[in-house]
Amino acid sequence: MFARYLIQRIGQVIPVLLGISAISFLLMHLTPGDPAEIMLRADGIQPTQEAIAMTRITLGLDRSIPEQYLSWLVQLLQLDLGISYSSGRPVMSELMMRFPATALLAGGALAAAMLIALPLGIGSALYPGSWLDRLGRLIAMASASMPGYWLGLLLLYYGAVKLKLFPVMGMEGARSIVLPALTLGCGMAGIYIRLIRANLLEELGKLYVTAARAKGLPEWQIISSHALRNAVLPSLTLLGIQTASLLGGSVIIESIFSWPGIGKYAVDAIFAKDYIVIQGYVFMMAVIVVMVNLIVDLIQLLLDPRLRLR
Amino acid sequence: MNNMLNRSRRLFLAWVLLTLAIALVLGACSNATTRPEETSETASSEQTTLTVAMTSDAGIDQLDAGAYNGSMHVQAMIYDSLVEYGEKGEIVPGLAESWEISEDGTVYTFHLRQGVTFSDGLALNAEAVVFSFERWIHDPANSLQIATALEAIEAVDEHTFTMTFNKAYYPFLTELSFARPVRILSPSAVEPAGDVNGEFIQAVGSGAWMVESYVRDRETILVPNPHYWGEAPEVDRIVLKVIPDPQSRVMALQSGEVDIAGTQLGRLPVESLPVIEGDDALELLSAEGTNSHFMIFNPAVTALQDLHVRQAVNLAINKASIVEDLMDGVGHEAKGLFPLTVPYVTETNQQWYGYDPEEARQLLAKAGYTDADGDGVVEKDGQPLTLNLVLQQAEFPEWKAIGELMQYELQEIGIDLKLQMLEPNSYYDALWTTKAYDLILYRTYDDAYNPHSFLLSLFRKTADTPAVAWSDRELEALIDTAVGSTDLEERQATYDAIFARMYEQAMFAAVYYPEEIVAVNQRVSDFAFGHSTFRPILWQELKVGDR
């Protein structure tokens, strides 16, 4: 039963991936600019028509768009995402090289967001109207309205330049992840503070909580294994979406903190019109989004027995 | 019930305390793990290490002397060229100690420096030089004149070789001073060694520096090449750190994590310059650049075919105000297409339109444009004079402010300027292909491409396309004469005529001369700017003191 569900879900993935890759391939070719010419002009010399024509042939751009797409698909079946126009490096290994840094940062950001949101969210629900609740509201407001690059630069200035607690740049040592993870985490935390507070308050007022109390269950057990479990379900769905976008990398945060992740690689490819890299990136992102959604659905199945009955 | 809630509150507090405790322990652990790094850093600082900020990865694993991959700045540190680009484009000896050019300007004979070896110990002789060129020079995807006009390249003896071309072109030597693909690499840099079609495996040259270590997207460490033929550098190690964000480069300077930031290795943001100036530990240095920003007129636009209109646009722009008011004094007032740092540009042949809105209005009136309906925009035959200016912000953030200032200034003389901000690909598509603009902001190329290569690229038609910036037959003929001239005096006279012709016809609108800017901390002394973009710093002369 469970295995059938899983196979069914994975089966749905293939047409989705095909559709996404075909659309992105087409869109790329509709935007202005010839990759061969961009590549040659990047060298600073006025390229001759012959040089452009030769380069188009080497890059395979002289073929029709469906032909190019088909050959890309055939390569994909061999797990080969092609060779980048601008760097001449294989896209698969380029993406794989950068992915661990992005995943690490995503993990750090999620941890930071939860470290901020869980205590503040739960605290605000337990002490509504208190200073803690007001603090939670303030932080939620700041988190939603503060641009990430500004917070990043502030943290960098005070944390690294003034107090010298953390390095300004790079991914070296455990301390280097603190500031970028905090920057990303702070931006996410606000919404969870409010979500957890609202949902937990609602759950605590429900009859099953009263019943549990009447039964004499210890309060920590009521909160942790009954009320909280139900209260985090809406947050979990949102978390799935945000995790997927975190795994796509953040060009601003990666640039500010000199973090060698995937976001900047993708944006550079867009400016260079490096079709092959963009295509590989879009494909990888599609796989990630689908996978994360699947995982979130599975976790919800575990947490919510009602879903399992359906 | 109340009791219950209190218990849960206590539980919550306990949980918060526990989380804090865990965070503290984790923090302590991370401190412990980073400590060994710090000690190694202090040990190496006695060895005079210089740390420099760079915008992007140096691409050492792909740094083939004969290709366009990786950082050209590092390419010029590892590999030598036959000749080097000196001050104001003077060609100075590099690996070639001397050279002769045949009477007709087509045969170049180079005499190589004796006793030069690559950093791997192999001898650098005529055969190695020919090998280096043969690897790329016959590739039709190459647009350099030394490649397209080459007839033969031959080693004559151990230290002599010749290059024969099918035409005379004085900038052959300039092209040989480029960062790439003309520099010489060791036959052992390819696999199989010495095979012209071999695959590049490692960056081995005869330059002053060689690679000690490299981590993609993070850092490159260079050390002096023990076999180097020239003066040995003063610094024991150069660490090139990848810091993509300009603001972060400023902070890395402030925190002392880098010693040098700026130049084309990684530009400093103009808005941060006061911060750097206010920091006692940092010093801000500047040098006149070799490029300029200017505005191209679309020759297909009827209004711009009128010389008076082009002159009026020029006179309406306050070039001094752009430097003083917009750029905080960084840069210089534009007085033509090329600043004085460019070869063949002199005080006398550099002549351009100043700022005179009154004269601009009169010129427009002479051209038949008057504001009959009093709406502030002049018109001719009932058509208002509206022009669209295409520009981009991604590569040149300052263009937005400059564009807005010019919009105001042109409004003052009755021209309605519409700004059209495009993303870089659309911008270049408009510039090179669709020509969907009336005016477009552009910049001249850097150093070694000036003035010949830039003029050929922008003001000279090719076999199948008209000139990009402005079509003028007289100018095109002059450019051909200049680049084919083997006589220095004749060449100078021709360039004088080129600049005069551009001025007479107001073929473009001068806008702004940028500046090279660098910030160094107190450890660094004897800093000197290089003469070309790909060698922004004279590395050999730098000295580094204690932290």
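The values are calculated or read from the model by the stated rules, or taken from the named source; none is laboratory data. Here the structure is a predicted model, which means the values were calculated and not measured. Don't worry about glycine lacking a Cβ; one is built from the backbone with ideal geometry, like all the others, and counts go over all protein chains shown. Heavy atoms of the whole protein, side chains included, go into the accessibility calculation; ligands, DNA and RNA do not. Shrake-Rupley method; radii C 1.70, N 1.55, O 1.52, S 1.80 Å.
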> Which cross-chain or sequence-distant (5 or more) residues have an amide H under 5 Å from the amide H of residue A:89, H modelled 1.01 Å from N in plane?
Replying inline: A:84
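Kirkwood Rh and Cα-based Rg: tell me the resulting Rg over Rh for the stretch B:293-513, rounded to two decimals.
Rounded to two decimals, Rg/Rh equals 0.96.
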> How much accessible area does residue B:195 have with a 1.4 Å probe, in Å² rounded to the nearest 10?
Replying inline: 60 Å²
> Rounded to a whole number of µm²/s, how large is the Stokes-Einstein D of the stretch A:20-78 at 37 °C and 0.692 mPa s, given Rh as the Kirkwood radius over C-alpha pairs?
Replying inline: 258 µm²/s
>> Under the rule of at least 5 residues apart or a separate chain, name every residue whose amide H is placed under 5 Å from the amide H of residue B:438.
In response: B:388, B:390
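Just how many % of Cα pairs in the stretch B:461-511 lie over 18 Å apart, if you round to the nearest whole percent?
On the way: 456 of 1275 pairs.
The answer is 36 percent, as a whole percent.
For the stretch A:32-82, run through the trypsin sites (Lys or Arg not before Pro) and keep only the ones in DSSP coil with at most 14 other Cβ atoms within 10 Å of their Cβ. Kindly include the intermediate steps, with their values, before the conclusion.
On the way: sites: A:41, A:56, A:63; in loops: A:63.
Taking the stretch A:32-82 and a limit of 14 other Cβ atoms within 10 Å, the loop trypsin sites (Lys or Arg not before Pro) found are A:63.
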> Long-range amide H contacts for residue B:297: which residues qualify at under 5 Å (H placed 1.01 Å from N, peptide plane, sequence gap of 5 or more or a different chain)?
Replying inline: B:509
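I need the Kirkwood Rh of the protein assembly as shown: take the reciprocal of the average 1/r across all distinct C-alpha pairs and report it in angstrom.
Values: mean 1/r = 0.0324 Å⁻¹.
Radius from the Kirkwood sum: 30.8 Å.
Taking the alpha carbon gyration tensor of chain B, what are the square roots of 5 times its eigenvalues, largest first, to the nearest whole Å?
On the way: eigenvalues 395, 314, 81 Å².
Ellipsoid semi-axes (Å, largest first): 44, 40, 20.
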>> Out of all Cα-Cα pairs in the stretch B:256-361, roughly what percent, to the nearest whole number, are more than 17 Å apart?
In response: 66 percent
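To check you understand DSSP bridge types, tell me what percent of the beta bridges within chain B (both residues inside) are antiparallel, rounded to 5. Don't skip to the end; give the middle numbers.
Details: 61 of 77 bridges.
Of the beta bridges lying entirely in chain B, close to 80 percent run antiparallel.
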> Treating the beta-carbon of each Lys and Arg as +1 and of each Asp and Glu as -1, no other charges, what is the dipole magnitude of chain A about its Cα centre, to the nearest 20 debye?
Replying inline: 1340 debye
>> Counting only helical runs of four or more DSSP H residues, what would the 222 nm mean residue ellipticity of chain B come to if each run contributes -39,500 (n - 2.57) and the total is spread over all its residues?
In response: -9000 deg cm²/dmol
> What is the spread of the Cα atoms of the stretch B:130-222 along each of their three principal axes, largest first, in whole Å?
Replying inline: 45, 26, 25
>> Can you give me the Kirkwood hydrodynamic radius for the stretch B:368-451, using every pair of distinct Cα atoms, in Å to one decimal?
In response: 14.3 Å
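Output the DSSP H helices from chain B with an along-axis C-alpha extent of no less than 18 Å and a mean Kyte-Doolittle hydropathy no less than -1.0.
Values: long enough: B:2-45 (64 Å, 0.19); B:399-412 (19 Å, -0.59); B:488-504 (24 Å, -0.67).
The qualifying helices are B:2-45, B:399-412, B:488-504.
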> With each pseudo-label sitting 7 Å past Cα toward Cβ, what's the residue B:197-residue A:220 distance in nm, one decimal?
Replying inline: 7.4 nm
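With respect to the cross-link table entries B:241/B:435; A:164/A:273; A:264/B:461; B:400/B:543; B:400/B:435; B:241/B:461, which display a Cα-Cα separation exceeding 32 Å? Intermediate values should be presented prior to the final figure.
Numbers: B:241/B:435 40 Å; A:164/A:273 39 Å; A:264/B:461 38 Å; B:400/B:543 39 Å; B:400/B:435 20 Å; B:241/B:461 42 Å.
Where the Cα-Cα span goes over 32 Å, the pairs concerned are B:241/B:435; A:164/A:273; A:264/B:461; B:400/B:543; B:241/B:461.
Take chain B, mark every one of the GluC sites (Glu not before Pro) that falls in a DSSP loop and has at most 14 other Cβ within 10 Å, then report the longest stretch left between them, sites excluded. The partial results should precede the final answer.
Details: sites that count: B:46, B:90, B:103, B:158, B:231, B:347, B:395.
Counting only loop sites that pass the neighbour cut-off, the longest clear stretch is B:396-547.
Add -39500 (n - 2.57) for each DSSP H run of 4 or more in chain A, then divide by its residues: what number comes out at 222 nm, to the nearest 500 deg cm²/dmol? Don't jump to the answer; show the numbers that get you there.
On the way: 15 runs with 224 residues, N = 310.
Roughly -23500 deg cm²/dmol at 222 nm, from the helical runs in chain A.
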>> Can you tell me what share of the DSSP beta bridges in the stretch B:293-513 is antiparallel? A percent to the nearest 5 is fine.
In response: 60 percent
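Hey, got the dipole for the protein assembly as shown? About the Cα centre, +1 on K and R Cβ, -1 on D and E Cβ, debye to the nearest 20?
On the way: 58 positive and 100 negative charges, 1335 e Å.
Here the size comes out at about 6420 debye.
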> How much accessible area is lost when chains B and A come together, counting both sides, with a 1.4 Å probe, in Å² rounded to the nearest 100?
Replying inline: 5000 Å²
> Can you work out ³J(HN,Hα) from phi for every residue in the stretch A:263-271, in order, using Karplus 6.51 cos²θ - 1.76 cosθ + 1.60 and θ = phi - 60°, giving whole Hz and x for Gly and Pro?
Replying inline: x, 5, 4, 5, 5, 4, 5, 5, 5
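Once Rh is set to the Kirkwood radius over Cα pairs, what Stokes-Einstein translational diffusion coefficient, in µm²/s, holds for the stretch A:100-309 at a temperature of 25 °C and a viscosity of 0.890 mPa s? Could you put the intermediate results ahead of the total?
Numbers: Rh = 18.9 Å.
Diffusion coefficient, whole number: 130 µm²/s.
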